[in-house]
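Visitor: Here it is, the structure, as structure tokens.
The values are calculated or read from the model by the stated rules, or taken from the named source; none is laboratory data. From a predicted model like this one, the values you see are computed outputs, not experimental measurements. Glycine gets a Cβ as well: all are built from the backbone with ideal geometry, and neighbour counts include every protein chain shown.
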Amino acid sequence: MCQKKGCKIKRDLNRIVDTPDPSSGKDLTLVHGECHLANFLYDGNELYLIDWECAGLGHPFYDVACNANMRGKTSDEGIRMLQLYLQQTPSKEQVKQFQEFRRIHFGFLVGITLLFCAQEENVKHPVDGERSISTLEEAIAALDDPNFGTDPRNTYRMAIAFLEASKDY
């Protein structure tokens, strides 16, 4: 990881880490923790939510934020998802909380991808001509691509894409 003073990556990670807990210990409920489309199954009659190892107590906006992030939704599209969840127009405070949860979720994604990088001995920045990730949508698609995830430079690229996406919130 970058150790230089003023390092952009370090500064962006600190911004995520310094995000206050928007739930403030209130409105806690059971949350899935990874509430995105890949964890929903539909058998033609019933809809099932699977993969509960990240479940715990938390604010219900976290699952909505996770879903918005994993679907690559813009800020406005995410707020529309929140509106559908609340079944009313969210207040300014609710939008602020929701945006903070989106940033926190991106921090989770950065942490997960950097964890894979940490297991490798020689992770380097991508070089010219190598496949790169320049958008959130590409990073999300890469999560599901088993071939792309075998190169530690790719997980590093995914971490950077998630970190860049977190700046919108």
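Visitor: Take the conditions in a strand (DSSP E or B), modelled with pLDDT under 90 and either of a type in the set (Gly, Ala, Ser) or more than 15 Å from the chain's Cα centre (by Cα) (or both) and apply them to Leu57. Does it pass?
Guide: yes
Visitor: If I filter segment 80-99 for residues that are of a type outside the set (Lys, Arg), within 22 Å of Ala161 (Cα to Cα) and in contact with a strand residue (DSSP E or B) (Cβ under 9 Å, 6 or more places away or on another chain), do I get at least one hit?
Guide: no
Visitor: Could I ask something else about it? Tell me yes or no: at least one residue of segment 38-53 is part of a helix (DSSP H, G or I), closer than 23 Å to Glu138 by Cβ, modelled with pLDDT under 95 and of a type outside the set (D, E, K, R).
Guide: Yes, some residue in segment 38-53 is part of a helix (DSSP H, G or I), closer than 23 Å to Glu138 by Cβ, modelled with pLDDT under 95 and of a type outside the set (D, E, K, R).
Visitor: For a quick check of your reading of the model, give me the residue pairs whose first member lies in segment 55-80 and is closer than 20 Å to Met158 by Cβ, whose second is among the small types (Gly, Ala, Ser) and modelled with pLDDT under 90, with beta-carbon atoms closer than 8 Å and at least 6 apart or on different chains.
Guide: That search, which allows pairs on different chains as well, returns Cys66/Gly33; Asn69/Ala165; Met70/Ala38.
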